[in-house]
1. Taking only C-alpha pairs under 8 Å that are 6+ residues apart, what is the relative contact order of region 457-583 in percent?
2. With angles folded into 0 to 90 degrees, how steeply does helix 411-420 sit against the dominant principal axis of the chain? Use alpha carbons for both and round to 10.
3. Once a ≥ b ≥ c are taken as the square roots of the eigenvalues of the Cα gyration tensor of region 407-472, is the result rounded (a/c under 1.5), prolate (a/b larger than b/c) or oblate (a/b not larger than b/c)?
4. Treating the angle as unsigned and between 0 and 90°, give the value, to the nearest 10°, between the Cα long axis of helix 104-120 and the longest Cα principal axis of the chain.
5. Extension gain residue 715-residue 176, at 0.36 nm per residue separation less the Cα-Cα distance, in nm?
6. Kindly express, to the nearest 10 degrees and within the range 0 to 90, the angle between helix 499-512's C-alpha long axis and the longest C-alpha principal axis of the chain.
7. For the chain, what class follows from the C-alpha gyration tensor (a ≥ b ≥ c being the square roots of its eigenvalues): rounded when a/c is under 1.5, otherwise prolate if a/b is larger than b/c, else oblate?
8. How far apart, in nanometres, would the label points at residue 256 and residue 110 be if each is projected 7 angstrom from Cα along the Cα-to-Cβ direction?
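No lab work stands behind these numbers, since they all come straight from the coordinates. Keep in mind the model is a prediction, meaning the values are calculated, not measured. We place every Cβ from the backbone using ideal geometry, glycine too, and count neighbours over all the protein chains shown.
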Ligand code: ATP
Ligand code: MG
């Protein structure tokens, strides 16, 4: 019965369908028939047509040999794929070539793609998936709560846990992770919430994130580490490529990702080179963070709910909401002999176009100053080769002597002359240019090269066009480079040109970091900033190697105002100052040193006995001259004694004049000062003084080599020696 009903129903239904869809069915069949007829017609027409000419064939049909070409290309692609899978030798060469031709970043993108391809094919895919269970076990044996997590728990009572894998995970594994993390949180009375995600960008393996801490066992993380290690290695790109490939050709078959533990955060806001982030629990002040785009930054502000950092590179590339990770070290720069003769930026990257820099070592830019017990008093001289400085404000190794003056008063000139004078004296020089024009830095380099001084000099350039962050760290980077040599027992001369611009850069950063501003809008810790920088210059004790850093910071004043905030700060930190005056400079007294305001608090102990003897009365004589000349400007009547004193003073002042790039040996300086103070230059016209000076040195070298030898020894000249000197001078010049 039932079957009959079904059949009857079916027939009724079929009847209804045919009734309603009749037209459509007819149209379908008609269209199909017409189509077939048309194709038959076309085929008939083609049969009747002439064979096509070559030019037409080029467009319509494959030309002769084309098929072969495709086949050949396919064959190449096939072998390439095989090579990638095997990471064979030929593929090495191919990636080698890519590495040389393209940047490292592009190279690593290609490597990543190649590795991803490998892990998507068998047998590697199965192998990497088989390791997931072991990875979970390993990660769970490592998980713990960091102080940052505890602090977060205290505030929110819940910690988010995310389990992300390249492929879909076995539910049993997820369950295992959930139980373990819940148990971990239960021990401290907190709650957890597990999120399970999938991200093919990981290539293989999995990653567990508890709070801000990440336990990363993915292939992509492994590749990231290769990239990092290659970037920091003193190897050529060719060597780097070979190394990566050797590593991966080994690992492709038996690949076990290592588990790396690091902390992540998120970019909240980015503007003016300052980035605000959240997450990154346990971050330290001064630590380096790395952004997703590859730029790096340094943490300068830690608040309960956000972290502020300065960005070193192009901050425009950083996106709000992007990931940022802790690198686990504080900011460091490359150090060592390979830097000599190079111009590097504030983070130690070469900027002189002389090729890459292969560093042997790095050193943190911020570092404690040597302890008191590790220091020795300043006792050895550092000759600048400038008469006015070596005689009046002598500098000792390990001293901090400030060069201060208005703009365009020859501050940089003094520093450069001091560097040039270190030639052959086994002293490493570091010139830190802060906020200067690139042309000025190029000129300094050019001059140093001309005088053969670049071989022992490093230029750290934080240009005016660079960010405030790079200008802020440049002197610290320079000091780190200097410390490397000091702790190795060498002498270093470091010049900070100039710290006023450094203070301005730090003020800019501090204001952007919303720190309260103090006097002249500088932040309250500006004194600490400069004192911790300059305290690192020292003379180490013989037990610590006896190395030294002599610092010549430069400060620019406004209209000679040395009582402004930054000048007074740095004056009080340093062991003396060389004060340069615009008025003297324009009068032609160059170097334009104001003898009254310039002082060296510790350098006297380091002066050679000879110089001390010859320059002993110089300061008083010059002070007398200055007072008298000020006084006589008012009155017209001058007695003979005053006239003589004025004449003597003028001659001394003339003798202290010195051109640029002409540093003088110590004995020459001493001889000149002796000759002038003993009155052998009295009959010389003031304009003739340079000639007198030249003749003095030349004739002494020629005619009195034994006296020159006494002077060269740097020892105090006894009475007999002085008499010999006088006799020699009398024979050469008329004494009045
Ligand atoms: P800025 O404030 O711009 O940094 P500065 O104080 O560092 O200037 P310099 O650049 O060293 O000054 O010198 C300014 C000018 O004075 C330069 O043109 C330089 O050649 C000249 N000059 C400096 N010292 C001497 C000197 N001893 N003899 C002759 N010219 C000099
Ligand atoms: Mg200058």
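1. Details: 149 pairs, mean separation 35.4, N = 127.
Once divided by the residue count of region 457-583, the mean separation gives 28 percent.
2. 90 degrees
3. Because a/c hits 1.5 or more and a/b exceeds b/c, region 407-472 counts as prolate.
4. Taking Cα atoms only, the helix is inclined about 30 degrees.
5. 185.8 nm
6. 40 degrees
7. Since a/c reaches 1.5 and a/b is larger than b/c, the shape of the chain is classed as prolate.
8. Spacing of the two 7 Å Cα→Cβ label points: 3.2 nm.
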